[in-house]
Amino acid sequence: MSKVIFLGTPLHGHTYPSLGLINELVNRGEQVIYYSSDYFREAIEKAGAVFRRYKHPELHTELEYTHDAVVHSQRLYDLKHFYGGLEGSMKICSEMVREVLEEVEKDNPAYIIHDSTAHWGKQLARRLQLPSIASITMFAFCDRILELHPRTVLEKLFRIEVNSSDQLHDTLRMLELIPKALTQKYDLTHFKSQDKFLCTGDLNIVYVDERLQPYAELFDDSFKFVGPSFFQRDTCHARSFGDSTDKPLLYISLGSMVNKLGIYDHFYELCFEAFGEQDLRVVLNVGTEHDLSSMRNVPANFQMTNFVPQLEILKSTDVFISHAGMNSVSESIHFHVPLLLLPQTGDQYYVAERVEHIGAGLCLDLQTLDAAQLRSAVETLLKDPTYRENCKSFRTANSGNGHKEAADEVFRFKQVHSIV
């Protein structure tokens, strides 16, 4: 069978959805070499791939948001700010190509799989004239959407503020010209502005239910919406959460990265105020970096924890308060759990909007949130059965086995490209 190079992005939400595909490819005879950071080494090797460590200083460990990055991502930018971010991405991309090019050439892979935000994967495939497959763990994007819905793309994907038709026209023009000026500087080819957010391949595996994907009808056949993949999740820490009463279970977790910054401390206090002494069981996951012993005035009905086996707890959860990460949303809908979403960064705002659109949950602004709003929203989700019914009707048909369908698509792709 074939040797394949996987160029990953060291983030929870990008790495874990890909591991099911990796395991499936290995089980079908493929040899997979997976580039990432030491943080994910154990999980990657457990999936059956050969781990290879990135040397670039910004990719040594799991990527993290800084406090300033989180605050900045909560607002729309002007074009100047976008330009700075785009150039930074292109600079890292150029450095990564130089770092791994010789090593990948020696490996002589039959094809390359890259995370959709690992821009260097797409560039390497082009330089080596190899077929490429993009692993997309967020909403997909195509040029047709930009053509037909430019304002939506600029504000929801690029996070660029557009206040007038003239500004819209000028911004679109600059987004076309800026990368052309920078590609020569950084020795890249055909780098587009949208590549900063999503680099496509010859085949595009999207771990999103097609019904949730915005403008799904605009994508061509190179995009395969295989749905979520619930492969190999750590349950070694599984235990009973809350008591054994019939009280509703409220599960609260705002993601693995931003929790490390300690910027949710005020939110935790709001939760104590909103749900303390209520007729609820509350499990609040504060992440691995938080010292539970330092938390004061925790209500008796709260169970504070540094880790939750999410797929397990969702089986008995009544409402899930989440940051609107794509994986968490897919898992919650799969288990028919209504969502209260508090988006903070990136595409989380768009994900939250889509969840509201399908009637699977509600969205609130964390920056202006108070305890009364929080309590009222959860009460609505608990009392109105429509939200849970909408989750049931939307449940993915693949039962979380997107990785198996993804592997089928890869082997069909190999056949079309005569890859042995």
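The values are calculated or read from the model by the stated rules, or taken from the named source; none is laboratory data. What you see is a predicted model; the values in this text were computed from it and never measured. Positions of Cβ are backbone-derived with ideal geometry, glycine not excepted, and every protein chain shown enters the neighbour counts.
The table that follows gives values for the structure above.
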| read-out | value |
| --- | --- |
| Verdict on Leu168 being assigned to a loop (DSSP other than H, G, I, E, B) and either of a type in the set (A, V, I, L, M, F, W, C) or touching a His at 6+ places or on another chain (Cβ under 8 Å) (or both) | no |
| Meets criteria (modelled with pLDDT of 80 or more, more than 15 Å from the chain's Cα centre (by Cα) and exposed (fewer than 15 other Cβ atoms within 10 Å of the Cβ)) for Asp221 | yes |
| Output for the range 332-349, where each listed residue is over 15 Å from the mean Cα position of the chain (by Cα), at pLDDT below 95 and within 21 Å of Lys156 (Cβ to Cβ) | Ile333 |
| Residue within the range 95-111 that is of a type in the set (Phe, Trp, Tyr), under 18 Å from Glu409 (Cβ atoms) and either surrounded by fewer than 24 Cβ atoms within 10 Å (Cβ to Cβ) or within 23 Å of the chain's Cα centre (by Cα) (or both) present | yes |
| Failed condition for Lys46, given (1) modelled with pLDDT of 90 or more; (2) of a type outside the set (Phe, Trp, Tyr); (3) touching a Lys or Arg at 6+ places or on another chain (Cβ under 9 Å) | (3) |
| Boolean, Glu409 is modelled with pLDDT under 95, of a type outside the set (Lys, Arg) and in contact with a strand residue (DSSP E or B) (Cβ under 9 Å, 6 or more places away or on another chain) | no |
| Residue that is more than 15 Å from Leu212 (Cα to Cα), assigned by TED's automatic domain parsing to the domain that holds Lys196 and either surrounded by fewer than 19 Cβ atoms within 10 Å (Cβ to Cβ) or touching a Ser or Thr at 6+ places or on another chain (Cβ under 7 Å) (or both), where the choices are Asp384, Asp408 | Asp408 |
| Hey, Val282 among the β-branched types (Val, Ile, Thr), at pLDDT 95 or above and closer than 25 Å to Thr368 by Cβ or not | yes |
| The range 179-218, subset touching an Asp or Glu at 6+ places or on another chain (Cβ under 8 Å) and of a type in the set (S, T, N, Q), residue surrounded by the fewest Cβ atoms within 10 Å (Cβ to Cβ) | Gln194 |
| Residues within the range 141-170 that are surrounded by 15 or more Cβ atoms within 10 Å (Cβ to Cβ) and among the small types (Gly, Ala, Ser), tallied | 0 |
| The range 81-91 - residue that is of a type outside the set (A, V, I, L, M) and under 22 Å from the mean Cα position of the chain (by Cα) and, of those, modelled with the lowest pLDDT | Phe82 |
| Thr171 in the same structural domain as His14 (by TED's automatic domain parsing) and under 23 Å from Leu59 (Cα atoms) | no |
| Identity of the residue in the range 325-352, touching a residue at least 40 places away in the same chain (Cβ under 8 Å), within 22 Å of Ile160 (Cβ to Cβ) and of a type outside the set (Gly, Ala, Ser), that ends up surrounded by the most Cβ atoms within 10 Å (Cβ to Cβ) | Val351 |
| Residue that is modelled with the highest pLDDT, among those in the range 127-173 that are over 24 Å from the mean Cα position of the chain (by Cα) and of a type in the set (Lys, Arg) | Arg127 |
| Evaluation of Met138 against (1) crowded, with 19+ Cβ neighbours inside 10 Å; (2) not small (Gly, Ala, Ser); (3) not in a loop (DSSP other than H, G, I, E, B) (one fails), failing number | (3) |
| Subset of the range 53-80 that is surrounded by fewer than 15 Cβ atoms within 10 Å (Cβ to Cβ) and within 19 Å of Pro179 (Cα to Cα) - its residue that is modelled with the highest pLDDT | Lys80 |
| Cβ-Cβ under 6 Å pairs, at least 6 apart or on other chains, the range 74-86 side among the hydrophobic types (A, V, I, L, M, F, W, C), far side part of a loop (DSSP other than H, G, I, E, B) and modelled with pLDDT of 70 or more | Leu76/Arg159; Leu76/Glu161 |
| Qualifying residues in the range 112-126 (those that are in a helix (DSSP H, G or I) and surrounded by 19 or more Cβ atoms within 10 Å (Cβ to Cβ)) - the one nearest to the chain's Cα centre (by Cα) | His119 |
| Residue list for the range 287-315, restricted to those being closer than 25 Å to Pro228 by Cα and out of contact with any strand residue (DSSP E or B) (no Cβ under 6 Å at 6 or more places or on another chain) | Gly287, Thr288, Asn306, Phe307, Pro309, Gln310, Leu311, Glu312, Leu314, Lys315 |
| Residues being of a type in the set (Asp, Glu) and either at pLDDT 95 or above or closer than 15 Å to Phe139 by Cα (or both) - total across the range 350-369 | 2 |
